[in-house]
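Novice: Following this message is one structure expressed as structure tokens.
Derivation of every value follows stated rules applied to the coordinates shown; laboratory data play no part. If you're wondering where the values come from, they're calculated on a predicted model, not measured in any experiment. Note that we place each Cβ from the backbone using ideal geometry, even for glycine, and neighbour counts take in every protein chain shown.
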Amino acid sequence: MITVNFIRTNNDKVQVEVPEGTTLMEAAKQADLNEIPGDCGGNCSCCTCHVHINNAWVAKVGKVSYNSIEESLIEYEGEFRPGQSKLSCQIKLTNELDGLTVHLIDDELL
Ligand code: FES
């Protein structure tokens, strides 16, 4: 199992355990996080699964690929932060990401 820590904008932490291979968006859905509606079901077309990766995890998660569909969507988001912004549906949770910490974006801003 992989543990993920979601940090809300008020700094509340929501921890969830999911099987390896689950996407970060699916983990958020499992935890009933309304900040991640995941409207397109993980098809990289809605941006409602945008999160900020905690700085300590950016290197392990990796940045959004240059010229990718993910980049073309996310770079226009109001809360876009180069290096930290990711679409959570594009992150598959592996053992290497056990303990991953991500910051949620206020759903009013989506
Ligand atoms: Fe739609 Fe991630 S769930 S882009």
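Novice: Can you give the % of DSSP beta bridges in the chain that are antiparallel, to the nearest 5? Provide the component values of the computation, followed by the final result.
Specialist: On the way: 12 of 16 bridges.
Once the DSSP bridges in the chain are tallied, antiparallel ones form about 75 percent.
Novice: Taking 0.36 nm per residue of separation and subtracting the Cα-Cα distance, what length does fully extending residue 30 through residue 92 add? All intermediate terms of the calculation are to be shown ahead of the outcome.
Specialist: Details: separation 62, 0.36 × 62 = 22.32 nm, distance 1.46 nm.
That works out to 20.9 nm of additional length.
Novice: Here's a follow-up. For the range 50-62, just list the computed ³J(HN,Hα) in residue order, Karplus coefficients 6.51, -1.76 and 1.60, θ = phi - 60°, integers in Hz, with x standing in for Gly and Pro.
Specialist: Once rounded to whole Hz, the list reads 5, 9, 10, 6, 4, 3, 5, 10, 4, 5, 5, 6, x.
Novice: For the chain, count the residues as N, evaluate 2.2 N^0.38 Å, and divide the Cα radius of gyration by that value, please.
Specialist: Working: Rg = 12.4 Å, N = 110, 2.2 N^0.38 = 13.1 Å.
Working it through for the chain, the quotient is 0.95.
Novice: For the chain, what does the relative contact order come out to in percent, with C-alpha contacts under 8 Å and a separation of six or more? Before the final figure, lay out each step's value.
Specialist: Details: 204 pairs, mean separation 44.1, N = 110.
Worked out over the chain, it gives 40 percent.
Novice: So which trypsin sites (Lys or Arg not before Pro) in the range 32-92 are both in a DSSP loop and have at most 15 other Cβ atoms within 10 Å of their Cβ?
Specialist: On the way: sites: 60, 63, 86, 92; in loops: 63.
Loop-located and lightly packed - 63.
Novice: How big is the charge dipole of the chain about its Cα centre, in debye rounded to the nearest 20, if each Lys and Arg gets +1 on its Cβ and each Asp and Glu gets -1 on its Cβ? Could you put the intermediate results ahead of the total?
Specialist: Working: 8 positive and 17 negative charges, 66 e Å.
Dipole of the chain, to the nearest 20 debye: 320 debye.
Novice: Let me ask another. So, in nm, how far is label residue 3 from label residue 69 when the simple model puts each one 7 Å beyond its Cα toward the Cβ?
Specialist: Here the modelled spin labels are 3.4 nm apart.
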